[in-house]
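The values are calculated or read from the model by the stated rules, or taken from the named source; none is laboratory data. Given the structure is predicted, the values throughout are model-derived calculations rather than measurements. Here the Cβ is made from the backbone with ideal geometry for all residues, glycine too, and neighbour counts use every protein chain on show. Note: accessible area is taken over every heavy atom of the protein model, side chains too, but ligands, DNA and RNA are not part of it. Shrake-Rupley method; radii C 1.70, N 1.55, O 1.52, S 1.80 Å.
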Amino acid sequence: MAKKASEDKILTSCGGTQQMIDLARKEGIPTVFDRAATMKPCPIGAEGSCCKNCGMGPCRVPPSKKEGEPAKVGLCGATAETISARNFALMVAAGSAAHSDHGRGVAEVFLLAAKGEIPGYGIKDEQKLIQLGLDFDLDVENMEMKELAIKVGELCVGQFGKQEGELVFVKRAPLKRQELWRKNNMVPRGIDREVVELMHRTHMGVDQDYKNITTQAARAALADGWGGAMIATELQDIMFGTPVPTTGYINLGVLEKDKVNIIVHGHEPLLSEMIVVACQDPEMHALAKEKGADGINLAGMCCTANEILMRHGIPIAGNFLQQELAIMTGVLDAMVVDVQCIMQAIQKTSESYHTEVITTSPKAKMEGAKHIQFEEHDPVNTAKQIVKAAIENYTNRKGKVNIPKVKEEMVVGFSHETINYLLGGTFRASYKPLNDNIIGGRIRGIAGVVGCNNARDVDDEVHLTLIRELIKNDVIVLTTGCVAMACGKAGLLVPEASKYCGTGLAEVCETVGIPPILHMGACVDNSRILIAATAVVKEGGLGDDISDLPAAGAAPAWMSEKAIAIGHYFVASGVYTLFGTTFPTTGSKKYTDYLFKDLEEEWGGKWDFEPDPLKMAKKMIDHIDKKRKALGIDKARERVLMDMEMRRELDAV
Ligand code: SF4
Ligand code: MSK
């Protein structure tokens with residue numbers, strides 16, 4: 001077979017993935033890795049310089065190559081910075097809409113469950129339900145749990161369409177941040193209103209001021225981060241349990257040859273929670289046995305995987321770029337998908353094997369796939385139907401089995417509440433020990449490293465290089481999404497990973513018994529990072545806003561519009577946020593400078609782009625040190641450990 005362009009390049013740092021890429025080439029199965037080599041991105045589109053917002057375009061306005069040449073504008077006169085800002089804002093709108101629509105689905109099901117209209121779901125975290133009641137100023141002391149759940153459900157559903165006023169979780173942010181949002185007209189109303197207004201403004205001939213567009217984009221992103229996505233996390237925790245540290249396994253090696261293998265892939269845990277239950281049903285096991293299988297093996301992929309791993313210890317088969325590869329193991333009987341990050345290519349791959357791709361959301365169907373619709377009024381039966389379809393498909397296997405013998409153990413499930421508890425204990429749960437260790441210099445700062453894998457980069461590699469460099473420099477890492485899974489595959493989500501840390505961070509991790517990289521959940525759970533950052537501010541000693549903290553955020557290999565939305569709500573919440581791989585505005589220097597420089601003055605947080613993970617780590621650490629200096633705690637790091645000679649000298653005094 002002819003060599004492909006990408007064949008000489010290292011494409012992944014994951015052993016299981018490499019093995020399957022080799023197999024795909026041998027068998028002539030196309031994968032995202034080879035498509036990335038043969039299809040290059042359009043350079044004008046990649047830098048945000050192409051406008052197709054009306055029928056007079058598309059208009060391309062790349063930077064002038066010759067000095068003195070007038071800057072290009074679109075037919076309507078739109079400048080490069082306006083076009084760049086509109087394209088950026090459209091990504092924020094789509095990403096915020098996706099996350100928050102997930103949140104709305106959860107809120108609607110929560111309300112039905114609270115009313116007792118859905119069998120199978122219940123209240124697992126009453127404490128958190130009470131907390132939400134308090135957020136909504138309800139008289140929780142005089143309400144029965146059922147009444148409280150119904151009221152909270154109604155109020156949460158109402159948040160999505162809130163036309164006026166402020167979203168309720170805005171008041172969870174530090175007071176100084178709330179004031180800044182009010183001053184800049186950034187306080188979010190409901191996501192429906194903010195996204196509609198943002199898309200109105202990006203329409204041909206409406207908002208032509210890049211700064212004004214960026215502010216509304218922030219309002220929409222905040223409506224997600226402190227609204228839709230936060231509601232999703234909170235209600236999922238109430239219904240399915242707030243995650244606590246749990247061990248589990250990750251990588252393609254979790255698939256088992258003699259069992260019926262089912263992967264749940266996507267984002268919403270509503271159905272996957274029920275599939276977990278259905279897979280334990282004796283009736284299903286008897287059916288599997290009847291078909292000659294040795295049981296049922298459920299695994300996850302992408303963020304659904306994070307959800308069911310954290311709450312049930314269900315293994316993860318892989319992250320975003322492994323979805324085609326899981327089918328190629330030859331033992332995957334059903335790939336069950338819902339929404340977001342599902343590559344259309346999996347259907348084509350499944351045609352070369354026996355895997356049944358099963359779509360479940362009315363919002364996300366695929367040509368050629370089987371559709372078993374998730375019926376929210378009867379989730380148990382939908383789940384059973386799906387598991388049954390997988391079992392029936394077991395006998396259609398084509399005999400080829402290629403399961404890489406690769407899997408790693410990891411510890412996951414560090415919700416904000418768990419971190420609080422681990423640090424302070426049951427009776428004095430608090431972030432004080434964390435703050436004290438930051439002030440004392442054992443922990444240099446905090447980094448949130450989140451987001452996707454991108455086939456334009458070496459798979460998993462940039463995340464791992466960045467994170468290893470951060471922990472080596474005593475920066476504790478909070479992670480979610482596919483980055484969290486990359487860390488798991490590399491064996492970094494275990495307490496023993498403290499051996500890769502600087503001495504200060506290692507000391508803290510060993511004392512508390514936590515890994516230096518804390519898995520906080522799915523990409524919708526980035527709201528947990530906002531809450532954790534706010535808790536650090538409220539604990540005291542590290543300033544009075546998120547922007548004062550010695551902290552930084554990164555998505556080193558982002559790819560989805562959701563990542564841009566998340567990045568924008570972090571920046572608008574005061575965080576220095578770096579993206580790698582590519583950045584969608586670089587075609588306009590003026591607009592990019594605004595995002596990368598001027599915003600810091602206005603919002604306290606700003607964007608940056610750095611494709612080299614070591615340079616990215618340096619920028620994050622420099623920022624952390626800058627904040628330490630501003631807080632007057634930079635000296636604390638210059639702690640000298642006394643050796644015996646120094647002790648003797650002291651004794652002699
Ligand atoms: Fe071109 Fe203006 Fe139409 Fe965009 S809105 S496609 S820049 S004419
Ligand atoms: S799944 S959005 S590739 S993190 Fe949440 Fe992974 Fe990014 Fe999808």
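Below 16 Å, Cα to Cα, which lysines can Lys176 reach? Residues fewer than 8 away in the same chain don't count.
List returned: Lys538.
Can you give the helix-only mean residue ellipticity at 222 nm for the chain, where every DSSP H stretch with n ≥ 4 adds -39500 (n - 2.57) and the sum goes over all residues, rounded to the nearest 500 deg cm²/dmol? Spell out each step's value before the answer.
Values: 27 runs with 301 residues, N = 653.
The per-residue figure over the chain is -14000 deg cm²/dmol.
According to the square roots a ≥ b ≥ c of the eigenvalues of the Cα gyration tensor, what is the shape class of region 1-144, taking rounded for a/c under 1.5, prolate for a/b larger than b/c otherwise, and oblate for the remainder? Intermediate results must be reported in sequence, preceding the final value.
Numbers: a/c = 3.45, a/b = 1.43, b/c = 2.41.
The shape class here is oblate.
Provide the FRET efficiency to the nearest 0.05 for the Lys72-Glu375 pair, computing r from the beta carbons and using R0 = 45 Å.
With R0 = 45 Å, the Cβ-Cβ based efficiency is 0.30.
Once the convex hull of the alpha carbons of region 91-155 is built, what does its volume come to per residue, in cubic angstrom?
Working: hull volume 6.1 nm³, N = 65.
Normalising the Cα hull of region 91-155 by residue number yields 94 Å³.
If you add up the charges near Glu356, with Lys and Arg at +1 and Asp and Glu at -1, over every other residue whose beta carbon is less than 9 angstrom from its beta carbon, what do you get? All intermediate terms of the calculation are to be shown ahead of the outcome.
Details: positive: Lys370; negative: Asp333, Glu392.
Surrounding charge for Glu356 is -1.
Which value in Å is the Kirkwood Rh of region 80-240 over different Cα pairs? Mind showing how you got there, number by number?
Values: mean 1/r = 0.0609 Å⁻¹.
One decimal place: 16.4 Å for the Kirkwood radius.
Between the alpha-carbon centers of region 366-392 and region 204-257, tell me the distance in whole angstrom.
About 25 Å separates the Cα centre of region 366-392 from the one of region 204-257.
Can you tell me which lysines have their Cα less than 16 Å from the Cα of Lys619? Leave out same-chain residues fewer than eight positions away.
Lys472, Lys597, Lys606, Lys627, Lys629
With every protein chain left in place, what is the accessible area per residue of the chain in square angstrom, probe 1.4 Å?
Values: 25640 Å² over 653 residues.
Heavy-atom SASA per residue in the chain reads 39 Å².
For Thr12, what residues show an amide H to amide H distance below 5 Å, using hydrogens built from the backbone and excluding near sequence neighbours?
Here Asp459 satisfy the definition.
Post the alpha-carbon centroid distance, region 504-557 to region 63-117, in whole angstrom.
Taking the Cα centre of each part, region 504-557 and region 63-117 sit 27 Å apart.
Please tell me the relative contact order of region 173-231 in percent, rounded to the nearest whole number, where contacts are Cα pairs under 8 Å and at least six residues apart.
Values: 40 pairs, mean separation 24.3, N = 59.
Value for region 173-231: 41 percent.
Any chance you could look up the accessible area of Arg444 with a 1.4 Å probe, heavy atoms only, rounded to 10 Å²?
Here the accessible area works out near 40 Å².
Please identify the DSSP H helices in the chain that span no less than 15 Å along the helix axis (Cα) and have a mean Kyte-Doolittle hydropathy of 0.5 or more.
Numbers: long enough: 15-27 (18 Å, -0.92); 80-114 (50 Å, 0.58); 145-160 (23 Å, 0.65); 191-202 (16 Å, -0.40); 210-223 (20 Å, -0.06); 229-240 (16 Å, 0.98); 302-312 (16 Å, 0.15); 379-393 (21 Å, -0.09); 461-472 (16 Å, 0.44); 526-539 (20 Å, 0.69); 561-572 (17 Å, 0.76); 613-631 (27 Å, -0.83).
Both cut-offs are met by 80-114, 145-160, 229-240, 526-539, 561-572.
In nm, to one decimal, how far is the Ala286 label point from the Ala46 one, both placed 7 Å along Cα→Cβ?
In this crude label model, Ala286 to Ala46 measures out at 5.8 nm.
Rounded to the nearest 20 debye, what is the charge dipole size of the chain about its Cα centre when +1 sits on each Lys and Arg Cβ and -1 on each Asp and Glu Cβ? Please list the in-between numbers first.
Numbers: 75 positive and 86 negative charges, 336 e Å.
I would put it at about 1620 debye.
Give the carbon-plus-sulfur fraction of the accessible surface of the chain in %, rounded to a whole number; probe 1.4 Å, heavy atoms of protein chains only.
Values: 13460 of 25640 Å².
The nonpolar share, carbon plus sulfur, comes to 52 percent.
Given the pairs Lys348/Lys400; Lys9/Lys52; Lys9/Lys65; Lys65/Lys562; Lys171/Lys432, which span a C-alpha to C-alpha distance of over 28 angstrom in this model?
Values: Lys348/Lys400 17 Å; Lys9/Lys52 35 Å; Lys9/Lys65 31 Å; Lys65/Lys562 33 Å; Lys171/Lys432 22 Å.
Violating the 28 Å Cα-Cα cut-off are Lys9/Lys52; Lys9/Lys65; Lys65/Lys562.
Rounding to the nearest 20 debye, state how big the charge dipole of region 80-240 is about its Cα centre with +1 on each Lys and Arg Cβ and -1 on each Asp and Glu Cβ. Present the calculation step by step, with values, prior to reporting the outcome.
Details: 19 positive and 24 negative charges, 115 e Å.
My answer is approximately 560 debye.
Please give every one of the aspartates and glutamates within straight-line cross-link reach of Lys489, meaning a C-alpha to C-alpha distance under 13 Å, and leave out same-chain neighbours fewer than 8 residues apart.
List returned: Glu408, Glu409, Asp459, Asp460, Glu461.
Along the charge dipole of region 80-240, Cβ charges K/R +1 and D/E -1, which of Ile123, Ala173, Ile213 sits furthest on the positive end?
It is Ile213.
Which whole-Hz ³J(HN,Hα) couplings does region 541-555 yield from phi under the Karplus relation 6.51 cos²θ - 1.76 cosθ + 1.60, θ = phi - 60°, glycine and proline marked x?
For region 541-555, the Karplus curve yields x, 10, x, 10, 8, 4, 5, 7, 5, x, 8, 8, x, 8, 10 Hz.
Might you work out the accessible area of His285 for me, using a 1.4 Å probe with all protein chains in place, and round it to the nearest 10 Å²?
70
Relative contact order for the chain using alpha-carbon pairs under 8 Å, separation at least 6, rounded to a whole percent? All intermediate terms of the calculation are to be shown ahead of the outcome.
Details: 1364 pairs, mean separation 103.8, N = 653.
Rounded, it is 16 percent for the chain.
Starting at 0 and stepping by 20 Å, how many percent of the alpha carbon pairs of the chain end up in each bin?
Spelled out bin by bin, the chain gives 19, 52, 26, 2, 0 percent.
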